[in-house]
Amino acid sequence: MKITWLGHAAFLIEGRDKVLIDPFLTGNPKAPIGHDKVDCDVICVTHGHADHLGDAVEIARRTGATVASIVEMSMYIERCDVKSVGFNLGGTAKVENTEMTMVPAFHSSSIGAPGLEFSAAMAVGLVVDTEKPVYHAGDTCVFGDMKLIGELYRPDVALLPIGGFFTMDPRQAALATSLIEPKMVVPMHYGTWDPIDQDPKEFERLVRESSSKAEVAILEPGEPLEV
Ligand code: NI
Ligand code: MN
């Protein structure tokens with residue numbers, strides 16, 4: 001299985017399917033590829049904020065990929081005339097050959113349209129299994145039930161925000177890593193803009209000093225990770 005960071009919270013996971021998560025490429029200064037060049041079968045969106053919903057609709061229109069998200073988001077996406085699956089916390093959806101389980105995140109969610117900003121239910125995390133389970137935490141602070149997510153789904157890889165300001169910072173993300181106990185942890189949602197400027201090496205140091213045995217993989221946007 002191959003995981004490629006597309007900058008910010010965007011990842012392409014290639015296993016049985018090509019699964020694109022939080023495809024914010026247009027306007028993402030770290031995106032290594034334009035939205036018109038990405039190929040995928042399935043798109044997952046953790047919440048409505050523009051840096052996560054991103055180009056999901058445009059990419060789904062071009063590729064025919066199904067977009068999976070929480071029910072209220074999916075109603076919006078469906079109205080954009082793309083295939084949409086809406087499910088909810090604790091639920092597992094099978095989309096193409098990929099199983100995904102929706103898990104909590106502590107964060108807000110809204111969708112912005114010109115002259116209009118509306119609530120889009122809540123933000124979530126996702127455990128996506130298209131060969132091996134990968135936990136994408138979405139935008140969130142650390143919370144104790146990450147331990148349950150680790151126990152239940154035993155993710156090989158956890159993708160965790162470390163940028164602070166909008167989400168957890170390196171210190172919280174290191175604690176999150178010891179709660180989840182993935183084999184590998186990849187920091188994300190940092191370095192895109194000034195308020196979320198962070199040193200991923202600081203996160204790596206904190207994980208090494210903790211009880212966690214997780215390997216820290218610091219990726220460059222566009223650089224594939226074989227898992
Ligand atoms: Ni957000
Ligand atoms: Mn965000």
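Residues in the stretch 92-113 that are touching a strand residue (DSSP E or B) at 6+ places or on another chain (Cβ under 9 Å) and among the hydrophobic types (A, V, I, L, M, F, W, C) were compared, and the one that is nearest to ligand 2 (Cβ to nearest atom) is Ala105. The listed residues are Leu89, Leu12, Leu6, Leu20, and the only one of them that is touching a strand residue (DSSP E or B) at 6+ places or on another chain (Cβ under 7 Å) and touching a residue at least 60 places away in the same chain (Cβ under 8 Å) turns out to be Leu6. Screening Gly138, Gly115 for residues that are on the phi > 0 side of the Ramachandran plot and surrounded by fewer than 15 Cβ atoms within 10 Å (Cβ to Cβ) leaves exactly one candidate, Gly115. Say we look at the stretch 18-64 and pick out the residues that are in a helix (DSSP H, G or I) and away from ligand 2 (no atom under 12 Å from the Cβ); which of these is farthest from Gly112 (Cα to Cα)? Across the stretch 18-64, the extreme among qualifying residues is Thr63.
So that you can scan it fast, the table gives a plain yes or no per residue for (1) open to solvent by less than 60 Å² (accessible area, probe 1.4 Å); (2) more than 16 Å from ligand 1 (Cβ to nearest atom):
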| residue | (1), (2) |
| --- | --- |
| Ala93 | yes, yes |
| Glu99 | no, yes |
| Ser119 | no, no |
| Gly125 | yes, no |
| Val128 | yes, yes |
| Phe143 | yes, no |
| Met146 | yes, yes |
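Condition check ((1) of a type in the set (A, V, I, L, M); (2) more than 15 Å from the chain's Cα centre (by Cα)) across all residues:
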site	(1), (2)
Ser110	no, yes
Pro114	no, yes
Ser119	no, yes
Val124	yes, no
Tyr135	no, no
Thr140	no, no
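The values are calculated or read from the model by the stated rules, or taken from the named source; none is laboratory data. Here the structure is a predicted model, which is why all the values come from computation and not from measurement. Every residue, glycine as well, gets a Cβ built from its backbone with ideal geometry; the counts of neighbours run over all protein chains shown. Please note that ligands, DNA and RNA were not included when accessible areas were found on the heavy atoms of the full protein model with its side chains. Shrake-Rupley method; radii C 1.70, N 1.55, O 1.52, S 1.80 Å.
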